[in-house]
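S.K.: Sharing a structure here in structure tokens format.
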């Protein structure tokens, strides 16, 4: 028997047939631009459903991805849920293993666009990590820009994130955790406070106190990514940093000593002028 995800997919397929939303398995396959013979293999439990087939089924028939991946919630999304739903494009290798897509700063404006072409995402850099937790689910990495999250995150850092399904936002977004928030206009890396239930908002908070918190309406949010790790540029070792600081202190001490000598010489010169001026006065 196939994986639990495949089993849930088959249940959704069977429900569509029971409700006469599709006349046959062949019609279902053809509507998703999928070979009927390959779908037959999935329905018989001889192969697992592919991620691309799931993506098309979610888009075409409003199958609830939360149900597919967790078993929770209804099989199908409502029309209202589907209107605010943006199909997430993923990238896989030849073994159908999902890769981590990296969104650099120059691509972030396009990534946050109202409509995103799947080829746009597929052309972005991709990579994998050896940790098992990055083998399950969908992950993205994003460049950090600006200084709003210092000292937690610095410009040039990269954050690695797990995708958070929109139907889980109200309960799963935790106060004071760091998320990448993709809005209709921007890609934000912020500490978030969840005000969805009472105000239909998320409050964006920067770790840099120079920046004031501000709300974002939940209707303007396209994607939520929970930050799990960061990749930072290599820095000198603590020993080297200590040597650098000591060298800077020695340089500063030399400057202070030279300034002290100049001041002492100036004082001697002034005293001599005053003394000479007194002698001339007496004469």
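The values are calculated or read from the model by the stated rules, or taken from the named source; none is laboratory data. Note that this is a predicted model, so its numbers are computed, not measured. Reconstructed Cβ throughout: ideal geometry from the backbone, glycine too, with neighbour counts over all protein chains shown.
S.K.: I'd like the residue in segment 191-223 that is touching a residue at least 24 places away in the same chain (Cβ under 8 Å) and in contact with a helix residue (DSSP H, G or I) (Cβ under 7 Å, 6 or more places away or on another chain) and, out of all such residues, is farthest from residue 152 (Cα to Cα).
M.R.: 197
S.K.: Right, another one. Would you mention how many residues in segment 40-52 are in contact (Cβ under 8 Å) with a residue 24 or more places away in the chain and either in contact with a strand residue (DSSP E or B) (Cβ under 6 Å, 6 or more places away or on another chain) or part of a helix (DSSP H, G or I) (or both)?
M.R.: Of the residues in segment 40-52, 4 are in contact (Cβ under 8 Å) with a residue 24 or more places away in the chain and either in contact with a strand residue (DSSP E or B) (Cβ under 6 Å, 6 or more places away or on another chain) or part of a helix (DSSP H, G or I) (or both).
S.K.: Let me ask another. Considering only segment 200-220, I want to know if a residue exists there that is touching a strand residue (DSSP E or B) at 6+ places or on another chain (Cβ under 8 Å), farther than 22 Å from residue 113 by Cα and modelled with pLDDT under 95.
M.R.: Step one: of segment 200-220, the residues touching a strand residue (DSSP E or B) at 6+ places or on another chain (Cβ under 8 Å) are 200-207, 213-218, 220.
If we keep only those that are farther than 22 Å from residue 113 by Cα as well, we get 205-207, 213.
Filter once more, so that each one left must be modelled with pLDDT under 95: none.
No, because not a single residue in segment 200-220 is touching a strand residue (DSSP E or B) at 6+ places or on another chain (Cβ under 8 Å), farther than 22 Å from residue 113 by Cα and modelled with pLDDT under 95.
S.K.: Taking the condition of being modelled with pLDDT under 90, in contact with a helix residue (DSSP H, G or I) (Cβ under 9 Å, 6 or more places away or on another chain) and in a helix (DSSP H, G or I), how many residues in segment 61-81 meet it?
M.R.: Number of matching residues: 7.
S.K.: Condition (residue is out of contact with any strand residue (DSSP E or B) (no Cβ under 8 Å at 6 or more places or on another chain) and under 18 Å from residue 223 (Cβ atoms)) applied to segment 150-164: is it met by at least one residue? Before you say what the answer is, go through the steps one by one.
M.R.: Going through segment 150-164, the residues out of contact with any strand residue (DSSP E or B) (no Cβ under 8 Å at 6 or more places or on another chain) turn out to be 150-151, 154-155.
Now restrict to residues that are under 18 Å from residue 223 (Cβ atoms): none.
Looking for residues that are out of contact with any strand residue (DSSP E or B) (no Cβ under 8 Å at 6 or more places or on another chain) and under 18 Å from residue 223 (Cβ atoms), one finds none in segment 150-164, hence no.
S.K.: Would you check if residue 36 is under 20 Å from residue 118 (Cβ atoms) and either at pLDDT below 95 or more than 32 Å from the chain's Cα centre (by Cα) (or both)? Even if it seems obvious, please write down each step before you answer.
M.R.: Values: under 20 Å from residue 118 (Cβ atoms): no; either at pLDDT below 95 or more than 32 Å from the chain's Cα centre (by Cα) (or both): yes.
For residue 36, the condition - under 20 Å from residue 118 (Cβ atoms) and either at pLDDT below 95 or more than 32 Å from the chain's Cα centre (by Cα) (or both) - is not met.
S.K.: Within segment 80-92, is there a residue that is in contact (Cβ under 8 Å) with a residue 60 or more places away in the chain, closer than 30 Å to residue 157 by Cα and in contact with a strand residue (DSSP E or B) (Cβ under 9 Å, 6 or more places away or on another chain)? Steps first, answer last, please.
M.R.: Residues of segment 80-92 that are in contact (Cβ under 8 Å) with a residue 60 or more places away in the chain, as a first pass: 81, 84-86, 88.
Among the residues that remain, those that are also closer than 30 Å to residue 157 by Cα are: 85-86, 88.
Still in the running and in contact with a strand residue (DSSP E or B) (Cβ under 9 Å, 6 or more places away or on another chain): 86, 88.
Yes, the conditions are met somewhere in segment 80-92.
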